[in-house]
Amino acid sequence: MFLRAQFSSQIASVADFALTILLTKVFSLYYVYATSLGSTFGGIINCVINYKWTFRTKECKKRNVAFKYVIVWFGSIILNTYGVYLTTEFMKEQPFVSDILGRFVDDIFLFSKVVVSLIVGLVWNYNMQRIFVYRNVNIRRYLPRKDKKSFKGTLN
């Protein structure tokens, strides 16, 4: 399952990076916005592949998976967007890092995006999807219930 998840993640990452690079290079969109849009696009692709192939969740309702996936992917988008922003801005302030990376990478933010997306993908995305999103868990049992008896006692 881990290898299937990594393969799915790679397909989603290619889509994410392609859109991000297209938006920054061709349309001159600010890299933070392009990162956010690319992560969203990659997330949609990843969710579909994971539902149908990676985690093989036939017993989970699509609506429940989508709801839980949106929660997790929102966290992923925030982690990716701010992680890329903070890493890029930090590296821009370090002249020796900018000089070294500038020889290999056209835009420093691409290096940041690779590093941050790998960390977020392994630490956050995979674990949250495996443990939370694609498990058939009844969330309602964890929510507080209101007993009818307690309401009757308070009305008297």
Residues located in region 115-132, provided they are over 22 Å from residue 101 (Cα atoms), touching a residue at least 40 places away in the same chain (Cβ under 8 Å) and out of contact with any Leu (no Cβ under 7 Å at 6 or more places or on another chain): 121, 125, 126, 128, 129, 130, 132
Tally of residues being of a type in the set (D, E, K, R) and touching a residue at least 24 places away in the same chain (Cβ under 8 Å) across region 19-53: 0
Some residue of region 63-78 being of a type in the set (S, T, N, Q), in contact with a Ser or Thr (Cβ under 6 Å, 6 or more places away or on another chain) and buried (at least 17 other Cβ atoms within 10 Å of the Cβ): no
Number of positions in region 99-156 that are at pLDDT 75 or above, of a type in the set (Phe, Trp, Tyr) and not in a helix (DSSP H, G or I): 1
Pick from region 44-89, criterion of a type in the set (Lys, Arg) and assigned to a loop (DSSP other than H, G, I, E, B), ranking: nearest to residue 131 (Cα to Cα): 56
Total residues in region 1-37, condition assigned to a helix (DSSP H, G or I), touching a Lys or Arg at 6+ places or on another chain (Cβ under 8 Å) and either small (Gly, Ala, Ser) or loosely packed, with under 13 Cβ neighbours inside 10 Å (or both): 1
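The values are calculated or read from the model by the stated rules, or taken from the named source; none is laboratory data. All figures in this text were calculated on a predicted structure; none of them were measured in a lab. So basically every Cβ, Gly included, is an ideal-geometry build from the backbone, and we count neighbours across all protein chains shown.
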